[in-house]
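The values are calculated or read from the model by the stated rules, or taken from the named source; none is laboratory data. Bear in mind that the values here come from a model prediction, so they are computed numbers and not experimental data. Neighbour counts are summed over all protein chains in view; Cβ atoms, including those assigned to glycine, are modelled from backbone coordinates with ideal geometry. Note: areas computed on protein heavy atoms with side chains; ligands, DNA, RNA excluded. Shrake-Rupley method; radii C 1.70, N 1.55, O 1.52, S 1.80 Å.
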Amino acid sequence: MPELPEVEITRRGIEPFVLGKTITGVTVRNPKLRRRVPRNIARLVVGERVRRLRRRGKYLLFECDAGCLIVHLGMSGSLRVIEPRSPPGKHDHLDLVFGGSALRLRDPRRFGVVLWSRGDAAHHPLLARLGVEPLSEEFSAEFLYEVTRGRDVGIKQLLMNAGVIVGVGNIYANESLFKAGIHPRARAGRLSRARCARLVDAVRETLVAAIAAGGSSLRDFVHSDGASGYFQQHYYVYDRAALPCRVCGGGIRVARLGQRSSFYCSTCQT
């Protein structure tokens, strides 16, 4: 599913087409997403000007004068900039029109979200309990050390806990732990300050590199212009089970942790 880098890339790609622009129309072809699109969505958003477009975790927030449009790409979604009259495909469920251009939500698995929130979106139930942003100053070695104390859960599961840290999904948790030399099963509460510092740096470096590479295009994710990302070409461990480690040459292993596949090198990660 689109993780933090893919959502940030989407934000940057669509921002020039929506910032300061007024929503002039909405077309809903299928409202049955993870949460049903409001029946009155057109009445709520048409005429609203987008003052700011930001990302919170994996959510895109179109901040307008009277409220905020909250969009989540789900497990397979993408937002593309199109001509408003472009014929829709089978999985093109919603268009937001901005005069001579439009944003089209394509979501084959329909786990996305398009909702309207009046007032401060930070208080919306979907956003109110989200953890810290991993690219923010708040995500520090000291923060990670303190938040892991007393937790017996594996560190990979904690990295993917959106109530603690937002946006670090399965791909980038695997890659970050390899870069930090930490086994995904390592007990979070037993990490030293030094290892927490290494992991914070690894998470930041991995996410920044993924954004620079255009994210990972594994199945459905594409940029707002339809282009693909290529960070998957640089994976050290993710989806490389039984292949040689790029560092030590040993075989990459895979295990199930928290219902997700975890890839690691038993030599490089302790």
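Miscellaneous remarks
- Among the residues of region 1-53, those identified as part of a helix (DSSP H, G or I) and β-branched (Val, Ile, Thr) are 7, 9, 10, 14, 18, 41, 45.
- Within region 233-259, considering residues that are part of a loop (DSSP other than H, G, I, E, B) and in contact with a helix residue (DSSP H, G or I) (Cβ under 8 Å, 6 or more places away or on another chain), the one most open to solvent (accessible area, probe 1.4 Å): 239
Residue-by-condition table, conditions (1) crowded, with 21+ Cβ neighbours inside 10 Å; (2) modelled with pLDDT under 95:
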site	(1), (2)
162	no, no
166	yes, no
183	no, no
190	no, no
198	no, no
202	no, no
213	no, yes
220	no, yes
227	no, yes
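- Members of region 91-114 found to be open to solvent by 60 Å² or more (accessible area, probe 1.4 Å) and either touching a strand residue (DSSP E or B) at 6+ places or on another chain (Cβ under 9 Å) or among the β-branched types (Val, Ile, Thr) (or both), listed by number: 106, 110, 111
- Within region 63-165, strands (runs of 3 or more DSSP E) holding 3 or more residues that are out of contact with any helix residue (DSSP H, G or I) (no Cβ under 9 Å at 6 or more places or on another chain): 92-98, 101-106
- Region 258-270 residues that are farther than 10 Å from residue 178 by Cα, paired with ones that are open to solvent by less than 20 Å² (accessible area, probe 1.4 Å) and not in a loop (DSSP other than H, G, I, E, B) (beta carbon under 7 Å, 6 or more apart): 260/170; 262/156; 262/174; 262/255
- Hits in region 11-60 (condition: closer than 15 Å to residue 78 by Cα and within 10 Å of the chain's Cα centre (by Cα)): 55, 58, 59, 60
- Cβ-Cβ under 8 Å pairs, at least 6 apart or on other chains, region 175-197 side free of Cβ contacts under 8 Å to residues at least 40 places away in the same chain, far side in a strand (DSSP E or B) and surrounded by fewer than 22 Cβ atoms within 10 Å (Cβ to Cβ): 187/154
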